[in-house]
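Following: one structure in structure tokens, then a few remarks.
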Amino acid sequence: MYLKKLKLNHYRKFYEEQNEIEFVSSKIKPEKKDNQTEEQQETKIDIATDTTLIIGKNNAGKTTIISALEKLIKQPTSFGVNDFNFRYLQNYLQNYDVKKEDNELPYIEFGITVELEENSDDRISNLVPFMLVEDLEDTELDIFIKYEVKDETTFHESMKELKTNVENVDAFDKFLKLLNETDFTLNYYDKNKENLEIDFKLSNLMDIRCIKANHLRKDNSLSEAFNKIIKYRYEHTFKEQKKTIELKLEKMNSDLSEDINEKHADVVEKVMAKMVSTNHMAVDLSADITFEKLMSNLIKYQYVDNTVKVPEDQFGLGYSNLVLIIATIMDYIEQYPDSTFNSKINLISIEEPETFMHPQMQELFIRNINEAIDEILVDKKKNINSQIIITTHSSHILNSKIHSSNTFDNICYLYEKEHHAAITNLNNEKVAPKQKETKDKARDKANNEAIFNFFKKHIKYKVSELFFSDAAILVEGFAEDLLIPYYLENREETLGQYYISVFNINGAHGHLYRNLVKALGIPVLIITDLDIKREKAESEDGEKSKQKNLDQITSLEGKETTNKTIENFHGKKDISNIREWIEKDNMYLSYQGEIEGYYATSFEEAFILTNFDNIILNDVLKELKPRIYGRIVTKNNKYVENKNQSYRWQEKLENLKGEFASKLLYKIVNEECEDKIPKLPKYIADGLTWIEKKLGGE
């Protein structure tokens, strides 16, 4: 059996929606090698695949999930007022009606779902009270735990007095004081929410070992950890050797005591006799080396660096942190009785293992911890069924898990939604949308695999940062990717306060991100090109020529787009009546609209139309294409011709987009007069304003 789900209602950062986390069982997989019988097959845990990874930026609620499990299992009497979601309490106080007789009581609720695996030897006696007759064949079992008021009548009387006599300004503080003085109790319910009124301890069903972040608190943390392991081994595994050691210690104590008394005690006693009578105060000095004292400071941990022994406090914190994680897991497995491994759900939580680790070590962590734990199991010959839970805000660990396990499954993503923590349990179907099925199944499968591989590639190189951003901007080309961050910095008082990621994803594939972006919940601005389909130019006799039509577009009537992202959001290729922007869920799709009487088809053209008479822009155009610039602008500096021939500029800059953006940025950042800085095209500026509003701006 294993912990399948945990629901947190009104607990700390969690409210009443998107508050359920799904866990994966770390199943033991038999690995059969050549020339092995079935009995000789080794059992392995695939940590990368069978680890629940909880990700999210700081203060997203990752530690809250682990603290809930730890309190429920180990400290069920430690819940208090500060464990309530305070917005829930504010709403409760505001909506409490003294005239009603059926006001509900404030409560915190936890829902636990246990999966009873088929053909398992799990001992489920602890679960019998929660089993209903009609569900005997069901493999899922629900347990509900409520932290609730003990005396309903007294609480309602106090609430009526508070609501009647206390001013609104002081009401919430008084309410918190009332809750502090109220007796609460922890009650257990079945799936029908019937109070079981039983003396039940969750610790009889589950155990948890938490490895906290930044647990290198002393210079000798590793020495202490391995002292503990060695001591336990002698006390429980090598008992005969312990007896031998104790006999040797007794002999050593006897010999030392004799030597001490002969060389030291007599001298001390003679000195003392000069001051007090030896009848009242005699001296006896003896050796007292015990097994406990020996083991408490037996091990001195040192690193060996090319045959040179280095003290642990002189080695890198990243390596020390990794070794301490392994030592803690060794200690857990070492001390856990074989007989209880399959009678309990065993959870190992590792909080922020990336602490002190450089990026490459973070990426190796998920892959290498698998081998490390497997080695411990082989050494101890234990059949462990523990579930591994890792909380992290490292994009490197996230990236490593996705590529090691080749899946987005078993990733729990946390973010803030309407001031509460929200949970999204990711999987391949949520992230990588499957294409519409056709009659060609092989082709469908290949297309879906190509989409998944596309995501894996982009996640590897940068997009994993999406999971730790306040908002994101997905752009189509290099120019937007290079220039937009500058304009973001200039909105220091609004957007500058947040971490906003900018990603170049190519407009042709932008629609593939729709599912992932929706799952993330953060505001995402997608900037793409209108990509108006142009017909070939006509010759004088009316026939199509080989040259592209360079005429300026003044109307979208009868026009189509070749942009897949716009087609996906707009629902069709025809853009005759397309809106100025498209907003769906937490996404805002932005593209070129009418600028100075014309419709641009790319960022470069839109930038030229917006800034046709800007000196910096004109300097860049002149440097890149001096002859073309001379023909278009002429000697009389008719900048308006930049506007009237914007599409021609677009064509001439087709192979110079990178250089165009780089030169623009160079001149912009070196310009001291803000009034001379080119403006962003309106469709992008409007998109940035939308992000400001979504992040709480005016």
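Yes or no, residue by residue, for (1) over 30 Å from L520 (Cα atoms); (2) in the same structural domain as D551 (by TED's automatic domain parsing); (3) outside any helix (DSSP H, G or I):
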position	(1), (2), (3)
L609	yes, yes, no
F612	yes, yes, yes
K622	yes, yes, no
W649	yes, yes, no
E672	yes, yes, yes
D686	no, yes, no
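Mind checking whether some residue in the stretch 493-501 is crowded, with 18+ Cβ neighbours inside 10 Å, under 26 Å from the mean Cα position of the chain (by Cα), modelled with pLDDT of 85 or more and under 25 Å from L398 (Cα atoms)?
Yes, that holds for at least one residue.
Determine the pairs where a residue that is under 24 Å from K7 (Cβ atoms), located within the stretch 144-158, has a partner that is basic (K, R) and modelled with pLDDT under 95 with Cβ atoms under 7 Å apart, the partner being 6 or more residues away or on another chain.
F144/K193
Yes/no per residue for (1) under 36 Å from the mean Cα position of the chain (by Cα); (2) farther than 28 Å from L466 by Cα; (3) in contact (Cβ under 8 Å) with a residue 24 or more places away in the chain:
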site	(1), (2), (3)
Q552	no, yes, yes
E557	no, yes, no
H570	yes, no, no
I582	yes, no, no
M587	yes, no, yes
Q592	yes, no, yes
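Of all residues in the stretch 397-431, count the ones that are surrounded by fewer than 22 Cβ atoms within 10 Å (Cβ to Cβ) and either in contact with a Pro (Cβ under 6 Å, 6 or more places away or on another chain) or among the hydrophobic types (A, V, I, L, M, F, W, C) (or both).
Residues meeting the conditions: 1.
If we keep just the residues of the stretch 111-133 that are of a type in the set (D, E) and at pLDDT below 65, which is surrounded by the most Cβ atoms within 10 Å (Cβ to Cβ)?
Here the answer is D122.
State the number of residues belonging to the stretch 152-177 that are under 30 Å from N204 (Cβ atoms) and surrounded by 14 or more Cβ atoms within 10 Å (Cβ to Cβ).
Matching residues across the stretch 152-177 total 0.
Quick one: would you say D97 is acidic (D, E) and closer than 15 Å to N180 by Cα?
Here the answer is no, as D97 does not meet what is asked.
The values are calculated or read from the model by the stated rules, or taken from the named source; none is laboratory data. For clarity, every value in this text was computed on a predicted model and none was experimentally measured. Here Cβ is always computed from backbone atoms with ideal geometry, including for glycine, and neighbour counts include all displayed protein chains.
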